[in-house]
Amino acid sequence: MVRKLMLFVPLMAIAATTPRIAVHGHRGARAVLPENTMPAFEHAIEAGADFLELDLAVTKDDVLVVSHDPVLNPAICRSPGGATVIRELTLAELRRWDCGSIRNAEFPKQRPVPGTRIPTLDEVLSLAPRGSFQFNIETKISPDKPQYTPSPERFAELLLAGIRKRRLEDRVMVQSFDYRTLQAMKRLAPGIRLSALFGEDARDFAAIARNAGTDMVSPHQRLVTPEKVAAAHAGGLTVHAWTANKPEEWDRLISAGVDGIITDDPAELVRHLRQRGLR
Ligand code: G3P
Ligand code: CA
């Protein structure tokens, strides 16, 4: 009880002084709806998320689609048969997969939406007029698996064209574990916000951002400390931590001073921040 009170008092002090902490709906709202689907993104918008976080893959006919896995995952998507590597499927072929019927066993609250298809990036970006939220777009690409994606340069070109088509340059950030697409994007369009994603790197955040050439960092939540965040802020960086789903994790990140929290349950995080006077 005393410990809880001690945490609550500093959080109230933070409430008076901190800018709004951005809520990112991770893969839309994976805790409650099938990940990276239109129903999940619509839920995140209704919940008041500041960012829709989504993952990108590229089809055989060069269409950007929203999927965490470059190889379709039978644990969450129902197959019509045939190839499973997205880069080997045309959009029309990919659309035959049902990625809404199977509940992800990791998320007991998740409600299936049978028949849901993998959306294109353009479909997700078409939600923009529904609010002033932003898009946190992750390029899923890896130097180990060049056969799963176009080159980093081509990936960045396709993404930039998609963003420009909807005139959303000011409402997107692009993040990646593979900094090659970030660097390519920077060359093509220096105004697009970029964030270095990492899960293992113990260096200070500024060193990682310098290496990636970004003004934002997206560390795994366990790497976040108040000292690292303060040093990042002193260097002009913003910090968006992933993927925190528990109240105690949210409180730790709030106390550390992060700028954004990436969560599978944006509605719950919004409620949590409201309870603490943080929105
Ligand atoms: O937004 C950060 C987070 O999405 C990175 O991990 O694997 O869920 O894409 P992953
Ligand atoms: Ca992601």
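Numerical summary
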item: Candidate set from region 62-93 (those that are within 23 Å of G162 (Cα to Cα) and assigned to a strand (DSSP E or B)); member that is nearest to ligand 2 (Cβ to nearest atom); result: V66
item: Lone qualifier among R117, R164, R180, R203 - being over 22 Å from V23 (Cβ atoms) and touching a Lys or Arg at 6+ places or on another chain (Cβ under 6 Å); result: R117
item: Flag for D170 being more than 16 Å from ligand 1 (Cβ to nearest atom), of a type outside the set (S, T, N, Q), modelled with pLDDT of 95 or more and under 17 Å from the mean Cα position of the chain (by Cα); result: yes
item: Answer from S132, S101 - the residue that is of a type outside the set (D, E, K, R), away from ligand 1 (no atom under 16 Å from the Cβ) and more than 17 Å from the chain's Cα centre (by Cα); result: S101
item: In region 52-71, the residues that are open to solvent by 10 Å² or more (accessible area, probe 1.4 Å) and among the hydrophobic types (A, V, I, L, M, F, W, C); result: V63, L64, V71
item: Filter result (touching a residue at least 24 places away in the same chain (Cβ under 8 Å) and outside any loop (DSSP other than H, G, I, E, B)) within region 94-118; result: L94
item: Residue satisfying condition, being β-branched (V, I, T), closer than 15 Å to E53 by Cβ and in contact (Cβ under 8 Å) with a residue 12 or more places away in the chain, within set T181, T139, T149; result: T139
item: One residue from D251, D204, D215 being away from ligand 2 (no atom under 16 Å from the Cβ), surrounded by fewer than 22 Cβ atoms within 10 Å (Cβ to Cβ) and closer than 25 Å to A29 by Cβ; result: D251
item: Candidate set: region 51-61, residues that are more than 13 Å from ligand 1 (Cβ to nearest atom) and closer than 22 Å to F177 by Cβ; chosen: the one nearest to the chain's Cα centre (by Cα); result: V58
item: Hits in region 126-167 (condition: within 16 Å of ligand 2 (Cβ to nearest atom), part of a helix (DSSP H, G or I) and of a type in the set (A, V, I, L, M)); result: L159
item: Test: A267 is out of contact with any Asp or Glu (no Cβ under 7 Å at 6 or more places or on another chain) and surrounded by fewer than 16 Cβ atoms within 10 Å (Cβ to Cβ); result: no
item: Unmet requirement for Y179, which otherwise passes all of (1) buried (at least 18 other Cβ atoms within 10 Å of the Cβ); (2) under 21 Å from the mean Cα position of the chain (by Cα); (3) more than 25 Å from G213 (Cα to Cα); result: (3)
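The values are calculated or read from the model by the stated rules, or taken from the named source; none is laboratory data. Because the structure is a prediction, the values reported are computed rather than measured. Every residue, glycine among them, receives a Cβ derived from its backbone with ideal geometry; neighbour counts consider all protein chains shown. Just so you know, the surface numbers come from the protein's heavy atoms only, side chains and all, with ligands and any DNA or RNA stripped out. Shrake-Rupley method; radii C 1.70, N 1.55, O 1.52, S 1.80 Å.
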